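What follows is one structure encoded as structure tokens, with my remarks underneath.
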Amino acid sequence: MPIHHEDIPKGITEKLTGTIHNVDSMPEGGTSEVALLTTDAGKFVLKRSKRAPFDEWLKRESEVLKHLSETDLPVPQLIAFLEEPACSWALISFIEGETVRSALRRTTDREERRKVIRAFAEALRMVHQTPVPSALKQDHPWIDRMLEEAEDNLNRYETDGSPERLKQLKRERPEIPWECLIHGDCTVDNVMVKDGRLTGIIDWSGGTSGDPDYDIALAVREKPGIFGWPEDRDFFFEAYGKRISAEMFQYYAEGLYEFY
């Protein structure tokens with residue numbers, strides 16, 4: 001359901017300067033309703049999540065954005081987060097541009113596609129090279145946390161994964177030599193570009209210390225018209241500076257991700 005002007009709680013509007021002139025619906029992900037607010041002070045993005053686990057994910061994203069504000073990453077600024085009995089709200093700054101998905105679906109020109117894919121790969125490399133903010137570091141290994149959360153999601157919510165698949169993932173649990181800052185859901189929908197240049201990285205509910213191969217696997221998943229050409233994926237790996245194995249891709253993109 002779209003967000004309307006009258007839906008916006010006082011705890012959010014009081015964080016804005018001046019009048020809200022327009023509340024326009026934006027493409028929604030699977031977890032939140034999203035609106036673009038046009039105000040006297042400029043544009044802002046407002047998210048609303050109404051049910052578990054998405055309300056908790058929005059809260060987590062808000063916390064992650066607070067800590068990432070200490071870094072040089074091009075991420076939105078968190079302006080306000082509000083929990084209500086029926087839903088959670090997050091007000092964040094607006095980032096110009098379009099998603100990598102949109103940019104790649106618009107063109108079949110080889111050089112234009114390469115510019116976008118290069119920006120996508122460089123964005124992910126930038127994330128992985130950024131020191132993990134102390135508040136996002138975890139003592140418990142990331143893969144153990146993910147498998148535990150996958151089991152919880154399987155038991156409590158509808159997922160694409162199955163009990164048999166989860167047992168297999170636990171048996172084949174990979175050894176992860178090192179952890180770094182990861183996005184946790186680095187798909188073509190969560191990196192913004194303009195004229196082939198990176199403008200921002202959004203949707204940070206999965207931001208934590210973890211395995212960079214997980215981010216890479218999700219980044220190069222095939223979508224309609226995207227990463228279906230072999231050279232798309234090859235060029236991404238070249239621009240990022242690393243290739244992951246087919247086994248790691250399958251474990252993460254076609255296995256663990258089914259529970260999220």
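No lab work stands behind these numbers, since they all come straight from the coordinates. Note that the structure is predicted; figures quoted are calculated from it, not measured. Cβ atoms come from the backbone with ideal geometry, glycine included; neighbour counts cover every protein chain shown.
Relative to the longest principal axis of the Cα atoms of the chain, the long axis of helix 230-240 lies at roughly 80 degrees.
More than 19 Å apart: what percent of Cα pairs in the stretch 5-93 qualify? The calculated P(r) of the stretch 5-93 puts 37 percent of pairs beyond 19 Å. Label-to-label distance for HIS140 and GLN168 is 2.6 nm, based on points extended 7 Å past Cα in the beta-carbon direction.
The GluC sites (Glu not before Pro) of the stretch 1-95 meeting both criteria, a DSSP state outside H, G, I, E and B (loop) and at most 16 other C-beta atoms within 10 angstrom of the site's C-beta, are GLU14, GLU28, GLU70.
You can think of it this way: the chain between ALA52 and THR13 has 11.6 nm of extra reach, that is 0.36 nm per residue less the Cα-Cα gap. A simple spin-label model places the labels of MET126 and SER102 1.8 nm from each other, with each point 7 Å out along Cα-to-Cβ. List the residues of the stretch 65-102 whose backbone N lies under 18 Å from a point placed 7 Å from the Cα of LYS59 along the Cα-to-Cβ direction. Flagged as within label range: 65-67, 79-91. Among the GluC sites (Glu not before Pro) found in the stretch 121-163, those both in a DSSP coil and sparsely packed, with 16 or fewer other Cβ atoms within 10 Å of their Cβ, are GLU158. Of all aspartates and glutamates in the structure, the ones whose alpha carbon falls short of 12 Å from that of LYS43, not counting any fewer than 8 places away in one chain, are ASP24, GLU96. Give me the log10 of I(q) over I(0) for the stretch 106-260 at q = 0.11, 0.21 Å⁻¹, as the Debye formula computes it from C-alpha points; what are the numbers? Reported log10 I(q)/I(0), two decimals: -0.44, -1.42. Dipole magnitude for the stretch 112-200: computed about the Cα centre from +1 point charges on Lys and Arg Cβ and -1 point charges on Asp and Glu Cβ, it is near 520 debye. Every Cα-Cα pair of the chain was included, and the share exceeding 23 Å stands at 54 percent.
Measuring against 26 Å, Cα to Cα, the residue pairs LYS194/LYS223; LYS115/LYS242; LYS10/LYS50; LYS59/LYS223; LYS59/LYS242 contain LYS59/LYS223; LYS59/LYS242 as the ones spanning a longer distance.
Among GLY42, GLY206, GLY184, the largest mean-square fluctuation in a Gaussian network model of the chain (Cα springs under 10 Å) belongs to GLY42. Taking 7 Å steps out from each Cα toward its Cβ at ASP72 and ARG110 produces label points 3.4 nm apart.
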